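Read the structure below first, then the notes.
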Amino acid sequence: MRKLVLSMMVSIDGYIEDQQHSLEWFAWDEEMERYMLNFLRGFDLFIYGRKSYEILAEYWPEADAAPAWPDRDPEFAFRMNETPKLILTSSAGELAWNAKRFGADPANELRQLKMREGQNIALFAGASAASYFIREGLVDEYHLIVNPAVLGGGTPLFRGDERPGQLRLISSRSFPSGIVILHYATDLQQ
């Protein structure tokens, strides 16, 4: 069975964006980028909330043409652009960037997708979409990219109405940028 892996960048104090909804506080380095490229290779479907989709769809389709891109691995942009995406949204706007909407019952649709053959599914949502799938009991693993920043406020990853329960640490890794990746499973079996 495929797993749903929630992968989110968070500040040390648990926020996914600051009070101005900025994401500019993320730390990053080449080692982290290589790690994330390898991480992306393990998925054949990405899930986003509407806001996350809109932010990333503005950047990624043209990223490899940006002046800073020649020094970066072209496979990263390829994976971000070509991997199919499902968007959790009720907005009627048009979707591009290899994306389509969930149907009327996203939780049931995801349960069915998890039963199909394929690689795991990455949830790169926003706070609302992440909360929805956590409440539905569909998140199998948490891949938290903890940035060396204290925001003191903003949008929290966990709002309080989710109950992920006790988690089991699978692995942890630190990077020269100060990022620490914490990888947890929701099952408690060893």
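The values are calculated or read from the model by the stated rules, or taken from the named source; none is laboratory data. Quick caveat, the model's predicted, so the values are computed rather than measured. When we count neighbours, we look across all protein chains shown, and the Cβ atoms used for this are built from the backbone with ideal geometry, even at glycine. We work out accessible area using only protein heavy atoms, side chains counted, and drop any ligands, DNA or RNA first. Shrake-Rupley method; radii C 1.70, N 1.55, O 1.52, S 1.80 Å.
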Does the range 111-160 classify as rounded, prolate or oblate by the C-alpha gyration tensor (a ≥ b ≥ c root eigenvalues; a/c under 1.5 gives rounded; else a/b over b/c gives prolate, otherwise oblate)?
prolate
With charges set only on the Cβ (+1 for Lys and Arg, -1 for Asp and Glu), what does the dipole of the chain come to about its Cα centre, in debye to the nearest 20?
760
In vacuo Debye scattering of the chain, one point per C-alpha: log10 I(q)/I(0) at q = 0.12 Å⁻¹?
-0.59
Would you list which lysines come within 20 Å of Lys51, measuring only between C-alpha atoms, while excluding same-chain residues fewer than 8 positions from it?
Lys85, Lys100
Given backbone amide H placed at 1.01 Å from N, residues whose amide H is under 5 Å from that of Ala125, ignoring those fewer than 5 places away on the same chain, are Ser7, Gly49
Quick one, what does Rg over Rh come out to for the range 12-124 if you take C-alpha atoms and the Kirkwood Rh?
0.97
Which value, in debye to the nearest 20, describes the size of the charge dipole of the range 62-130 about its Cα centre when Lys and Arg Cβ atoms bear +1, Asp and Glu Cβ atoms bear -1, and nothing else is charged?
380
Per residue, what accessible area does the chain have, given a 1.4 Å probe and all protein chains present, in Å²?
53
